[in-house]
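Some notes on the structure that comes next.
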Amino acid sequence: AEYMGSEKKMKFSVSEAAAAIPRVARFLPSHWIKCAVYEFAKMKLADEIDSGTTSSTALAAKLHVNQSYLYRMLRALSYQNLVVETSKDNFELTVEGELFMSTHPMSMRDAILLECGPVHESVWRHFDAILRGSSRRGFELEHGVGVWEYLDKDAEHAQIFDRAMTSFSNGDSRAVADVINLQGVERIVDVGGGHGLLAACLLAKFPSLRAVVLERPSVVVTAAHENQGAKMGVADRLSFEDGDMFREVLPSPAYIMKHIIHDYNDEQAINILRVIHRAAPEGARLFLAEIMIDNRTGNFAAALDLHMLVVNDGAQRDQQGFEALFNASGWKFVSVTNTCTPISIVEAVKA
């Protein structure tokens, strides 16, 4: 197609290009909205609105912020379906907005604070350097150390990180427990299992199962305060061990890792899987609960894959990618089971 005033011939017509402009323009406000969503979570506005403070006037007075600016932020977030303005300057939470409440059983507030907050947000300024071949990833370029070293030195961020991991687990763990088959399994080791929510969900589903969560020493300490086992009535069958999955894990007939392998590049992931393979008895089963890149989750999974690359040289993988990891570490691929969430369970066995 020819465009007036241009010698360049384009593949698509003027009308097709004009129709595409709004689809391209949708990228423009994404960062602006992300910042507003972060402030919505940080100020606990969902908690305030749920408790009855529903106008920007009352909220601004209580939180000591500018009323006019706060109203404009809430109005913008109403178009993101977090709140509804039921009458002039009176807001109610939507089902999405309720997930920002700190007291919600499936709260996403801490996940938002982590991923939209300054520590993670700032690493993306180094995306260009990474694309151009930098051997260092965004987290190290921005903060001077890798993710795990940063968690060891910044206790406040470590708390946000640990709570966010539990936040991500709120829906995922129950979804995994609903579809995984652990009949006849006596013990499972949850490698990198955080505060033990996934393990507790598995124990609640399978009464004869025992679980051990392998974690960093600092996480084991905070897990005692969270006490997920006691909350779900399975504390007598749940234990925690501090350890290093790059060096040694406990022998067990079954292992599970949720959102762990995606933190690492292929070489590192293969190393972890080899360590587990070395400890596992013949016939041991391995379950990786991950967001796979497939037709079901492709849009989100592909974007998350970029984020893992920038932050920590990690990766989301498709089925072929997981099979390659298993083949290189001694495991045999068995199957993929989807859950009601974007999570899939990729199963392997020690041949």
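Points worth noting:
- Kirkwood hydrodynamic radius of region 42-100, Cα pairs, Å: 11.0 Å
- Rounded percent of accessible protein surface that carbon and sulfur make up, the chain, 1.4 Å probe: 54 percent
- Viscosity 1.567 mPa s, 4 °C: Kirkwood-radius Stokes-Einstein D of the chain over Cα pairs, µm²/s: 58 µm²/s
- Positive-pole candidate from Ile260, Ile180, His195, dipole of region 172-285, charges at beta carbon: Ile180
- Computed from the C-beta positions of Lys34 and Gln67 and an R0 of 25 Å, the FRET efficiency is 0.60 to the nearest 0.05.
- For region 1-85, applying the loop criterion from DSSP together with a ceiling of 11 other beta carbons within 10 Å to the chymotrypsin sites (Phe, Trp or Tyr not before Pro) yields Phe12, Phe27, Tyr79.
- Given +1 at the Cβ of Lys and Arg, -1 at the Cβ of Asp and Glu and no other charges, the dipole of region 125-258 around its Cα centre is 340 debye to the nearest 20.
- Degrees, to the nearest 10: 298-312 long Cα axis against longest axis of the chain: 80 degrees
- Counting 0.36 nm for each residue step from Thr86 to Val14 and taking away their Cα separation leaves a gain of 21.8 nm.
- Partner lysines whose Cα lies under 24 Å from the Cα of Lys42, excluding those fewer than 8 positions away in the same chain, are identified as Lys34, Lys62, Lys153.
- Most simply put, the chain has about 55% antiparallel DSSP beta bridges, counting only bridges with both residues inside it.
- Basic side chains Lys and Arg get +1 at the Cβ, acidic Asp and Glu get -1 at the Cβ, and with that the dipole of region 101-167 about its Cα centre reaches some 180 debye.
- DSSP beta bridges in region 116-257 [antiparallel fraction, %, rounded to 5]: 10 percent
- Summed side-chain charge close to Val119 - residues other than Val119 whose Cβ falls under 15 Å, Lys, Arg +1, Asp, Glu -1: -4
- Accessible area, probe 1.4 Å, largest first, for residues Arg163, Arg274: Arg274, Arg163
- Gap separating the Cα centres of region 1-71 and region 93-171, nearest whole Å: 21 Å
- For region 143-194, projected area of the alpha-carbon convex hull averaged over all directions, nm²: 4.7 nm²
- Where GluC sites (Glu not before Pro) in DSSP loops with at most 10 other Cβ within 10 Å are excluded, longest remaining stretch of the chain: 8-281
- The shape of region 170-240 can be summarised by an equivalent ellipsoid whose semi-axes, obtained from the alpha carbon gyration tensor, come to 19, 12, 11 Å from longest to shortest.
- Using Cβ point charges alone (K and R +1, D and E -1), the dipole size of the chain about the Cα centre works out to roughly 460 debye.
- In the complete set of protein chains, residue-level accessible area for Cys201 is approximately 10 Å², probe 1.4 angstrom.
- Taking N as its residue count, the alpha carbon Rg of region 123-215 over 2.2 N^0.38 Å: 1.44
- Across region 1-141, C-alpha contacts under 8 Å between residues 6 or more apart give a mean separation that, scaled by the residue count, equals a relative contact order of 18 percent.
- Shape summary: region 1-152 maps onto an equivalent ellipsoid whose semi-axes, from the alpha-carbon gyration tensor, are 35, 28, 13 Å in decreasing order.
- Placing a label point 7 Å from the Cα of Ser122 along the Cα-to-Cβ direction, the residues of region 149-191 with a backbone N closer than 17 Å are 149-161.
- Toward the positive end of the charge dipole of the chain, with +1 on the Cβ of Lys and Arg and -1 on the Cβ of Asp and Glu, the farthest Cα among Phe139, Phe300, Met108 is that of Phe300.
The values are calculated or read from the model by the stated rules, or taken from the named source; none is laboratory data. All values derive from a computational prediction rather than experimental measurement. We place every Cβ from the backbone using ideal geometry, glycine too, and count neighbours over all the protein chains shown. Just the protein is used for accessible areas: all its heavy atoms, side chains included, with ligands, DNA and RNA removed. Shrake-Rupley method; radii C 1.70, N 1.55, O 1.52, S 1.80 Å.
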